[in-house]
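Working notes, structure below.
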Amino acid sequence: MLKVDHLSYVYNPNTPFRTEALHKVSFSVVKGETVGVIGPSGSGKSCLFRCIAGVLETTPGMIVWETPGGSEPVRGLVIQEPEQQFFLDNLLDEVGFALSGQDVTREEREAKVKAVLASVGYEGSLNISPFRLSGGWQRRVALASILVMEPQVLLLDEPTVGLDAAGLTAVERIVAKERAQEHMVFISSHDLDFLYNLVDRFLVLADGRLVADFGKHDFGVYRPLLERLGVGIPERVQLEERGISPALWEDIGWR
């Protein structure tokens with residue numbers, strides 16, 4: 001279980017540029033749960049993901065992992081700007097970087113890289129530079145470079161930007177696999193129709209504060225709050241409110 005307890009984070013403390021990105025955010029998540037994190041731009045979603053991933057240092061006790069033996073789980077964060085995640089010249093080295101220092105042969109490393117790239121739909125050359133790929137493929141490769149770590153906690157910050165239908169399907173498959181393995185998944189996205197199908201619950205941030213925490217089937221209850229915040233309403237929720245038959249949702253591919 002993950003417990004976040006009164007998590008606050010300030011950028012540029014003790015300077016004129018001081019910005020409080022998170023203010024006393026508290027919630028808990030159990031293994032196997034998939035959580036959607038939503039809210040207006042600048043509400044603290046990316047900061048929250050970086051804190052959970054351990055990229056940003058937090059005060060002890062604000063983020064607590066209750067795991068067997070007390071060890072922290074392997075966490076993987078895919079950021080909004082995949083090109084900023086790359087620093088090597090080819091896909092084999094870039095995606096395989098997380099395997100550095102492990103007791104694997106070059107052949108085993110290459111096989112793992114090929115397998116994880118195939119899981120995101122890429123089966124091309126491993127010698128190409130990630131910087132030469134389109135934005136959509138960069139996003140998929142960035143995801144692969146995290147999946148090769150086999151994280152128990154996966155954090156996806158705006159994973160759908162620039163993806164075509166095949167890319168969206170690949171992300172859906174990966175989230176389903178993580179769920180089946182009882183891993184935690186956090187997804188932040190402005191694409192509420194995509195997000196609604198994948199998550200168990202939503203955390204809503206506004207001005208760095210957690211203003212709502214609810215199961216996805218209660219989305220309609222929080223509609224007034226979400227509309228005030230400028231957060232979209234999934235089409236499925238709108239259809240539910242209009243009394244459209246669930247059988248029709250299945251016909252058009254909604255779960």
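Descriptive notes on the structure:
- The relative contact order of the chain comes to 26 percent, based on Cα pairs under 8 Å that sit 6 or more residues apart.
- Taken along the Cα-to-beta-carbon direction at a fixed 7 Å, the label points for V221 and F87 span 4.5 nm.
- Beta bridges per DSSP with both ends in the range 97-255, % antiparallel, nearest 5: 55 percent
- Euclidean distance of C-alpha centroids, the range 56-117 and the range 165-206, integer Å: 19 Å
- Amide H partners (placed H, <5 Å) of E158, local residues excluded: S188, S189
- Under a 5 Å amide H cut-off, with hydrogens placed 1.01 Å from N, A21 pairs with Y9, V10, Y11 among residues at least 5 apart or on other chains.
- Reachable lysines from K112, criterion Cα separation under 27 angstrom, eight or more residues apart if same chain: K31, K177
- Area of R173 that stays accessible when all protein chains are in place (1.4 Å probe, Å², to 10): 130 Å²
- Percent of C-alpha pairs per 5 Å bin, the range 114-255, short to long: 2, 8, 17, 20, 17, 15, 11, 6, 3, 1, 0
- Measuring how big the chain is from its alpha-carbon positions, Rg and Dmax come out at 19.0, 58 Å.
- Choice from E83, E94, E108 with maximal GNM fluctuation in the chain (Cα, 10 Å cutoff): E108
- For the range 201-211, 3J(HN,Hα) computed residue by residue from phi via the Karplus equation (6.51, -1.76, 1.60; θ = phi - 60°) reads 8, 10, 10, 10, 10, 8, 6, x, 10, 7, 9 Hz, glycine and proline entered as x.
- Springs between Cα atoms under 10 Å define the GNM used for the chain, and in it the highest mean-square fluctuation of L88, L147, L77 occurs at L88.
- Of N12, N127, N90, the one that fluctuates the most in a GNM where the chain has Cα springs shorter than 10 Å: N12
The values are calculated or read from the model by the stated rules, or taken from the named source; none is laboratory data. In this text the structure is predicted, and so the values were computed from the model without any measurement. Ideal geometry is used to build each Cβ from the backbone, glycine not excepted, and the neighbour counts take in all protein chains shown. The accessibility values were calculated without ligands, DNA or RNA, using every heavy atom of the protein model including side chains. Shrake-Rupley method; radii C 1.70, N 1.55, O 1.52, S 1.80 Å.
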